[in-house]
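Notes follow once the structure below has been shown.
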Amino acid sequence: MALNIALLDIIACPLCKNKLKLDKEKQELICTADRLAYPVKQHIPVLLTSEARTLSLDEADKWR
């Protein structure tokens, strides 16, 4: 994934405005506060809640 890492300093979760964490393996941006994983498609973050998946409690704990 060639997502610009500097972009992580600028973008935030559209729901809570918290910082997002990058999961390189799954190509997702993680919001631990809302337990959501936003997809990164073709190197572009898709920050739509309708496209996000809900993280399980175990997955969310991994990112805290």
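The values are calculated or read from the model by the stated rules, or taken from the named source; none is laboratory data. From a predicted model like this one, the values you see are computed outputs, not experimental measurements. Neighbour counts are summed over all protein chains in view; Cβ atoms, including those assigned to glycine, are modelled from backbone coordinates with ideal geometry. All accessible areas refer to the heavy atoms of the entire protein, side chains included, with ligands and DNA or RNA removed. Shrake-Rupley method; radii C 1.70, N 1.55, O 1.52, S 1.80 Å.
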With respect to LYS26, determine if the residue is within 20 Å of ALA6 (Cβ to Cβ) and either of a type in the set (Lys, Arg) or open to solvent by 30 Å² or more (accessible area, probe 1.4 Å) (or both). no
Residue in the stretch 3-24 that is at positive phi and modelled with pLDDT of 95 or more present: yes
Checking the structure you have, find out if any residue of the stretch 44-61 is part of a strand (DSSP E or B), of a type in the set (A, V, I, L, M) and either touching an Asp or Glu at 6+ places or on another chain (Cβ under 6 Å) or surrounded by 14 or more Cβ atoms within 10 Å (Cβ to Cβ) (or both). no
